[in-house]
């Protein structure tokens with residue numbers, strides 16, 4: 001890896017690390033606010049899984065060119081898998097947002 005390529009990789013890694021921190025913070029806020037309601041479970045798990053997916057796919061993407069002579073098929077598989085996970089995670093977050101009114105009502109009752 002050239003010096004310029006290494007610099008881009010470090011910047012990309014730092015940005016990914018910041019996003020992981022933001023997503024874990026959102027998961028913590030959702031957990032603290034909604035606790036064990038359906039909304040809290042969906043939002044907390046959705047944001048935590050999104051952070052985990054981001055970290056895993058960043059590391060996998062960085063290692064693929066070093067591990068495989070022709071990484072293109074693995075990049076295609078990673079892209080398809082990442083897209084599928086993203087869709088499922090965003091559906092969970094969307095469902096969590098959709099049931100916030102019910103969760104707030106449950107929390108206010110006791």
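Nothing in this text is a laboratory measurement; each read-out follows from the coordinates by a stated rule. The structure presented is a predicted model; accordingly, all values stated were derived computationally and were not measured. Ideal geometry is used to build each Cβ from the backbone, glycine not excepted, and the neighbour counts take in all protein chains shown.
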Just how far, in whole angstrom, is the range 50-77 from the range 82-104 if you go by their alpha carbon centroids?
-> 25
Those residues of the range 37-59 whose amide nitrogen sits under 17 Å from the label point placed on residue 109, 7 Å along Cα→Cβ = 37-40
Inter-label distance, nm, simple model (7 Å from Cα along the C-beta direction), residue 68/residue 15 = 2.3
Protection proxy ranking, peptides 62-73, 33-44, average beta carbon neighbours within 10 Å, highest first = 33-44, 62-73
Quick one: if you stick a label point 7 Å off each Cα along the C-beta vector at residue 52 and residue 25, how many nm between them?
-> 2.2
